[in-house]
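For reference, the structure discussed in these notes is given below.
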Amino acid sequence: MILSSATYNSFGKELGTALSPLSILVLSELLTGFFVVLSFGILPTAQKIVALKRRHLLPLLILGLCNGLFAPLLFFTGLQYTTAINAELFGRMEMVFLMILAIAILKQEHLTRAHIIASAVMICGIAFVALRGFSQSLMLRPGDPLILLSTFTYACGGIIFKKYLHKLEPELVIVSRAIVAIGAFLLISPFINHPLMQELRVFPTVLIPALLGFGFISRFLNLFSFYESIERIPVSTVSLFSTLNILCGVTFAHVYLGEPIFWYHLIGGGLILLGVLLLEILGIHPNEKEMERHVKQQHGHHI
């Protein structure tokens, strides 16, 4: 799971050289829905979707628009104008945004010293990267603000999930998100001039391995191994070791894309990793069941 997850930003970055952000979004949601249905069965998934209660429909629509359309569109657009390493590091702000929104809106969590310390450490790490080790003024790449905005949008969708949909099976939420995203694209496609089919016709053959890798490794294998792991080992263990995604994602971007790792990436990434670990070790979830819901929700966002 950790190794397959580490490929997401790098494959997405490479596909961005031949596909527009909206094309990547459409293909990614198609792949997500296809592989989730392939994993859990077409008929059982369809039966569960048809049996959804009316009170779940509007939250699923809003979640699909947030996490299936707006957030990934911002992310893939930002990814074209920044590095996969920056996207990996800045993307961790979602945890901070989600925690702040949960405290402010849901009123189910209370601000604790663990929250403050972990969030402060993560923000320092992101600031360290943005300021390049505080050696110069703010030097964000053009895509970095879009990555941060996408993480905030993902967090807004996460609040919808926690408030209205946390009792639904995660695969239903993921498939519903894909349906909303594809449906929205089909609705707006007559009014926009989007070259999806043209891009696919001239798609470079050299990028076919990246497309297959993105679909099979970054999405299917990532999802399949995640659910297999939580079936076999404690969720707290999966959650704790998932923090290694930061290290593996940065390393894969360096090896696969040849992106340089600077000293401020190492220190800033270390601070971000420390903040994530503090949230896991200090324990912000009251019980194992709540932690399982949180981990499934977080993992489902980006698959």
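Laboratory data are not the source of any read-out in this text; all were calculated from the coordinates shown. Bear in mind that the values here come from a model prediction, so they are computed numbers and not experimental data. Cβ: placed from backbone, ideal geometry, glycine included. Neighbour counts: every protein chain shown.
Using mean Cβ contacts within 10 Å as the protection proxy, how do 186-195, 74-83, 244-253 order, highest first?
Order by mean packing, descending: 74-83, 244-253, 186-195.
Spin-label point model (7 Å from Cα, Cβ direction): what's the R141 to C124 distance in nm?
Label at R141, label at C124, 2.5 nm between them.
At 7 Å along Cα-to-Cβ for each site, give me the label-to-label distance between F216 and T237 in nm.
Output for this residue pair reads 2.9 nm.
Hey, what do the phi angles of segment 68-81 turn into as Karplus ³J(HN,Hα) couplings, whole Hz, using 6.51/-1.76/1.60 and θ = phi - 60°, x for Gly and Pro?
x, 10, 5, 4, x, 5, 5, 5, 5, 5, x, 5, 6, 10
Rounding to the nearest 20 debye, state how big the charge dipole of segment 174-285 is about its Cα centre with +1 on each Lys and Arg Cβ and -1 on each Asp and Glu Cβ.
200
Among V173, V37, which comes first, second and so on when ranked by fewest other beta-carbon atoms within 10 Å?
V37, V173
Can you compute the modelled spin-label distance between L196 and R113, with each label point 7 Å from Cα toward Cβ, in nm?
Label-label distance for L196 and R113, simple model: 5.3 nm.
Mind listing the phi-derived Karplus ³J(HN,Hα) values for segment 9-17, rounded to whole Hz, using 6.51, -1.76 and 1.60 with θ = phi - 60°, and x for any glycine or proline?
Listing the rounded values in order: 5, 5, 5, x, 5, 5, 5, x, 6 Hz.
Rounding to the nearest 20 debye, state how big the charge dipole of the chain is about its Cα centre with +1 on each Lys and Arg Cβ and -1 on each Asp and Glu Cβ.
My answer is approximately 680 debye.
Once the piece of chain linking I105 and A51 is laid out straight, how much longer is it, given 0.36 nm per residue of separation minus the C-alpha distance between them?
16.5 nm
What ranking do 84-94, 161-171 get when scored by the average of other Cβ atoms within 10 Å per residue, highest first?
The peptides rank, most packed first, as 84-94, 161-171.
Express the relative contact order of the chain as a whole percentage, based on alpha carbon pairs under 8 Å and six or more residues apart in sequence.
Value for the chain: 39 percent.
From the backbone phi of segment 197-210, what are the Karplus-calculated ³J(HN,Hα) couplings (6.51 cos²θ - 1.76 cosθ + 1.60, θ = phi - 60°) in whole Hz, Gly and Pro given as x?
Karplus values, whole Hz, x for Gly and Pro: 5, 5, 5, 5, 5, 9, 4, x, 5, 5, 9, 4, x, 5.
Can you compute the FRET efficiency between I267 and I188 using 1/(1 + (r/R0)^6), with r the Cβ-Cβ distance and R0 = 41 Å? Round to the nearest 0.05.
0.45
Which of I188, I160, F203 sits farthest toward the positive end of the charge dipole of segment 91-228, with +1 on the Cβ of Lys and Arg and -1 on the Cβ of Asp and Glu?
With unit charges placed on the Cβ atoms, the residue in question is I160.
Work out the length of the dipole vector of segment 104-211 about its Cα centre, built from +1 on the beta-carbon of each Lys and Arg and -1 on the beta-carbon of each Asp and Glu, and round it to the nearest 20 debye.
260
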